[in-house]
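Novice: This is the structure I want to talk about, given as structure tokens.
The values are calculated or read from the model by the stated rules, or taken from the named source; none is laboratory data. These numbers were taken from a predicted model, which means no experiment stands behind them. Cβ placement follows ideal geometry from the backbone for every residue including glycine, while neighbour counts extend to all protein chains displayed. Quick note on the areas: whole protein, heavy atoms, side chains included, nothing else; ligands and nucleic acids left out. Shrake-Rupley method; radii C 1.70, N 1.55, O 1.52, S 1.80 Å.
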Amino acid sequence: GVCNAAETLLVHADVAASYLPAAAAALWGKDTTLHADPVARRILAEVASGSGREAFLTEATEADWDTEYGSLDLAVRVVENLEEAIDHIRSHTTGHTEAVLAQDVGVINAFIAGMDSAVDSAVVMVNASTRFTDGGQLGLGAELGISTQKLHARGPMGLTELTTTTWIVEGAGHIRP
């Protein structure tokens, strides 16, 4: 029910078979439907069948990559490398928040650099929940809105970001040389 909920999970192919089953089991425990690409579906089909969660594993469509569900749904795709992940994000981002979970500092730095130059979202999370994209969490006080535009304020918006300033300059014939 928040605007910073994860909508898409991209998993590197080298770790997908190790991590996806446990992640899916935890999500299915909360009745989350996974909209999975063919590789993720192949990995998760046996887990879904063994746990009686077949109804919570569906085939991802192209529309799933651009859907903000607002429900217990998550699109899941297996990617071959970081470049493929960044390309996917570039094609389907909302400009709100992107996150990476990684141990390799090179991957983390490349992701941050890729987000800055290729995607340019308001917030990039590193090994942290996207739910930290919140005005209160970022020290803005009560969050009054969210902006994905690039001018004036971007990301969570507090009172300061929604306030305009009028400068009043009084002089008595002063000049600036």
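Novice: Quote the relative contact order of the chain in percent (integer), defining contacts as alpha-carbon pairs under 8 Å separated by 6+ residues.
Specialist: Value for the chain: 20 percent.
Novice: Go through Y19, L162, G106 and say which Cα lies farthest out towards the positive end of the charge dipole of the chain; charges sit on Cβ, +1 for Lys and Arg, -1 for Asp and Glu.
Specialist: Sorting the options by dipole projection puts first L162.
Novice: On to the next question. Which length gain, in nm to one decimal place, applies between K30 and I112 when the Cα-Cα distance is subtracted from 0.36 nm times their residue separation?
Specialist: Fully extending the segment from K30 to I112 adds 26.4 nm.
Novice: Moving on. Over the chain, average the accessible area per residue using a 1.4 Å probe and give it in Å², no decimals. All intermediate terms of the calculation are to be shown ahead of the outcome.
Specialist: Details: 10990 Å² over 177 residues.
Using a 1.4 Å probe on heavy atoms only, each residue of the chain averages 62 Å².
Novice: Follow-up. Expressed as an acute angle from 0 to 90° and rounded to the nearest 10, what is the orientation of the C-alpha long axis of helix 82-92 relative to the principal long axis of the chain?
Specialist: 70 degrees
Novice: Whole percent per 5 Å bin, from 0 to the bin with the longest distance: what is P(r) over all C-alpha pairs of segment 30-147?
Specialist: Spelled out per bin, shortest first, that is 2, 10, 16, 19, 19, 17, 10, 5, 2, 0.
Novice: Another question, if that's okay. Restricting attention to segment 71-163, which trypsin sites (Lys or Arg not before Pro) occupy a DSSP loop and are surrounded by at most 13 other Cβ atoms within 10 Å?
Specialist: K150
Novice: If you roll a 1.4 angstrom probe over the protein chains with everything in place, what fraction of the accessible area of the chain belongs to carbon and sulfur, to the nearest %?
Specialist: Accessible surface attributable to carbon and sulfur in the chain totals 54 percent.
Novice: Given +1 on the Cβ of Lys and Arg, -1 on the Cβ of Asp and Glu, and no further charges, what dipole in debye does the chain carry about its Cα centre, rounded to the nearest 20?
Specialist: 440 debye
Novice: In debye, nearest 20: dipole of segment 47-103 around its Cα centre with unit charges on the Cβ of K, R (+) and D, E (-)?
Specialist: Around 240 debye, computed over segment 47-103.
Novice: Going by a ≥ b ≥ c, the root eigenvalues of the Cα gyration tensor, does segment 68-134 fall in the rounded group (a/c under 1.5), the prolate group (a/b larger than b/c) or the oblate group?
Specialist: Here segment 68-134 falls in the rounded category.
Novice: Still on this structure, I have one more. How much accessible area does V79 have with a 1.4 Å probe, in Å² rounded to the nearest 10?
Specialist: Here the accessible area works out near 10 Å².
Novice: Take peptides 49-56, 170-177 and line them up by average Cβ neighbours within 10 Å, highest first, as a rough protection proxy.
Specialist: The packing order, highest mean first, is 49-56, 170-177.
Novice: Here is a follow-up. Tell me the angle of helix 105-114 to the major Cα principal axis of the chain, expressed in degrees between 0 and 90 and rounded to the nearest ten.
Specialist: Here the helix axis deviates by roughly 60 degrees.
Novice: Hey, what number do you get for the chain at 222 nm if only DSSP H runs of n ≥ 4 count, each worth -39500 (n - 2.57), divided across all residues, to the nearest 500?
Specialist: About -9000 deg cm²/dmol.
Novice: What percent antiparallel are the DSSP beta bridges of the chain, to the nearest 5?
Specialist: Approximately 15 percent, going by the DSSP bridge assignments.
Novice: Moving on. At a 1.4 Å probe radius, which order do D14, D37, D134 fall into by accessible area, largest first?
Specialist: Ranked from most to least accessible, the order is D14, D134, D37.
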